[in-house]
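Peer 1: If you scroll down you'll find the structure; I have some questions about it.
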Amino acid sequence: MLTARENAELTQVGPGTPMGALLRRYWHPVAAAVELHDDPAKEVRLLGEDLVLYQDRSGGIGLIDRFCAHRRVNLAYGIPEEHGLRCMYHGWLYDKTGQCIEQPFEETVRPEARFKDKIKMKGYPVQELGGLLFAYLGPQPAPLLPRWDLLVRENVYRHIGSAVVKANWLQTMENSLDPIHLEHLHGTYMEYVLRQAGGGQLTQNQEGFLRFFKRQHLKVGFEIFEHGIIKRRVLEGETENDEGWRTGHPILFPNILRLGGGLLEFQFRVPLDDQHTRNFWYGCFDPGPDVVLPPQTVVSLTEVPHQRADGRFVTDFVDAQDMLSWAATGLPTVDRQEESLGESDVGIILYRRLLKEQMGLVQDGADPMNVFRDPARNQYISVVEEKDFYSRTGTKGADAIKYPEAAWYGPVVEALRKVLAEV
Ligand code: FES
Ligand SMILES: [Fe+2]
């Protein structure tokens, strides 16, 4: 249980808040690169700030205030120029730093005033890596954009899923510090949902992964390591010598989940504001050393469904069930004065403690965990991974990139099959 003040401190991400200050020390994915291919300017929200992301005609990417400093129209309707974005209303032109560099009428009638020099909006750095566009909203000098292994690993086939969920970011992360839900939400509840849909019957595939997901947790453990928290579990039929305990799987501080096994996935939990989180499922399929994949030119993006037209949550695959747990909480930000934590929640308590400690470091002027400034330490940041945790669900080959029931991965599996057939 937290006090109202503690809950606010951990969940509010806007400028001037302690958590906002901590999260502003990190690069966050603001879009998939492919999102700017059809339309070069896009509204985005990040850490409670309204911004516009755009690509200019020289290929440079900018992230500036969404509303023009002149008379406040939305610059997502602006015109990308060779260098900068021009407002469609009266033609003021802004560069990537948010500096106004042209003001057509003002320069005609009163050039000596140099009014444009006084107009500076927000402008944040953006970098592309592995098909994602990362933005940094914090103080300068900006740290290095972390080269986490899957973002730069060679000979893999990448794909990105995305969903914006009406839930505070902390709910999404606390779900990852909670191993027990695997057995209940993705096991018992999954079976209930699938049987209802199948008239009481399950397919062989469904039986296969439910046998795995429904196993009882005998023990869970958590440990802080250099990049975050490792979570460990012993399932029924296993011992501490098995991978689930020996290796465990990591949560990269502050807001990335890393899955191993057949999945090879990051989940970036990006706080758009206090009430909305954009989740990016950043998946990689590694065909192994014997298959050389052709270079991947475009990393595709798929919207992951989680709510039907009538507002009901989707409940029949793992990612949707997780989103259900983040968002079906009555309030966008859970009232943690009302919670009742038990033994299953020690990971959540540890994570909150770590967040608090790292907020303190930032307040004292120090760099928090996972802020990298030494290029030698940022070539390829290797992360511990369970090799076969999810492959024990019985799925193999191209299908093993995701659970067989996750329909939204269909196009990705198809594209991958095509690539594999051609090599
Ligand atoms: S409102 Fe943008 S130039 Fe006038
Ligand atoms: Fe889950």
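Nothing in this text is a laboratory measurement; each read-out follows from the coordinates by a stated rule. Computed from a predicted structure; not experimentally measured. Note: ideal-geometry Cβ built from the backbone for every residue, glycine included; neighbour counts use all protein chains shown.
Peer 1: Around Q307, which amide H atoms from residues at least 5 apart in sequence, or from another chain, sit under 5 Å from its own amide H, with H modelled in the peptide plane?
Peer 2: Excluding prolines and chain starts, which carry no amide H, the hits are V314.
Peer 1: With a 10 Å Cβ neighbour count serving as the proxy for reagent exposure, in which order, fewest first, do Y282, Y89, Y192 appear?
Peer 2: Result, fewest neighbours first: Y192, Y89, Y282.
Peer 1: I would also like to ask the following. Output the antiparallel fraction of DSSP beta bridges having both residues in the chain, as a percent to the nearest 5.
Peer 2: 95 percent
Peer 1: Okay, next question. Could you tell me whether the range 161-247 comes out rounded, prolate or oblate from its Cα gyration tensor? Rule is a ≥ b ≥ c as square roots of the eigenvalues, rounded for a/c under 1.5, then prolate if a/b exceeds b/c, otherwise oblate.
Peer 2: In terms of gyration-tensor shape, oblate.
Peer 1: Restricting to Cα pairs below 8 Å that are 6+ residues apart, what does the relative contact order work out to for the chain? Please round to a whole percent.
Peer 2: 21 percent
Peer 1: Over the chain, one equal point on each Cα, no solvent: what is log10 I(q)/I(0) by the Debye formula at q = 0.09, 0.12, 0.13 Å⁻¹?
Peer 2: Summing over Cα pairs of the chain leads to -0.60, -1.05, -1.22.
Peer 1: So, one more: Do the alpha carbons of any pairs in K96/K120; K122/K166; K166/K387; K96/K118; K96/K166; K166/K231 sit beyond 21 Å of each other, and which pairs?
Peer 2: Listed pairs above 21 Å: K122/K166; K166/K387; K96/K166; K166/K231.
Peer 1: May I ask for the distance between the Cα centers of the range 192-212 and the range 1-45, given as a whole number of Å?
Peer 2: Centre-to-centre distance over Cα atoms comes out at 38 Å.
Peer 1: Pick from D374, D38, D345: which is most flexible by mean-square fluctuation in a GNM of the chain where alpha carbon atoms under 10 Å apart are linked?
Peer 2: Comparing D374, D38, D345 in the GNM, the peak value goes to D38.
Peer 1: Among E35, E338, E191, which one shows the highest mean-square fluctuation when the chain is modelled as a Gaussian network with alpha-carbon springs under 10 Å?
Peer 2: So, out of E35, E338, E191, the one fluctuating most is E338.
Peer 1: How about the range 1-88: which trypsin sites (Lys or Arg not before Pro) there are in a DSSP loop, with at most 12 other Cβ atoms within 10 Å of their Cβ?
Peer 2: Taking the range 1-88 and a limit of 12 other Cβ atoms within 10 Å, the loop trypsin sites (Lys or Arg not before Pro) found are R57, R71, R72.
Peer 1: Ranking S344, S176, S58 by Cβ neighbours within 10 Å, fewest first, what do you get?
Peer 2: S58, S344, S176
Peer 1: Go ahead and estimate [θ] at 222 nm for the chain from helices alone: -39,500 (n - 2.57) per DSSP H run with n ≥ 4, summed, over the residue count, rounded to 500.
Peer 2: When only DSSP H runs of four or more count, the value is -6500 deg cm²/dmol.
Peer 1: I want to verify a result. In a Gaussian network model of the chain, Cα cutoff 10 Å, which of these has the top mean-square fluctuation: G347, G78, G60?
Peer 2: The residue that fluctuates most here is G60.
Peer 1: Hey, another quick one. Tell me which of L264, P18, A167 sits at the most positive position along the dipole axis of the chain, charges placed on C-beta atoms (Lys, Arg +1; Asp, Glu -1).
Peer 2: P18
Peer 1: Quick one: order L129, L46, L331 by neighbouring beta-carbon count within 10 Å, fewest to most.
Peer 2: In order of increasing Cβ crowding within 10 Å: L331, L129, L46.
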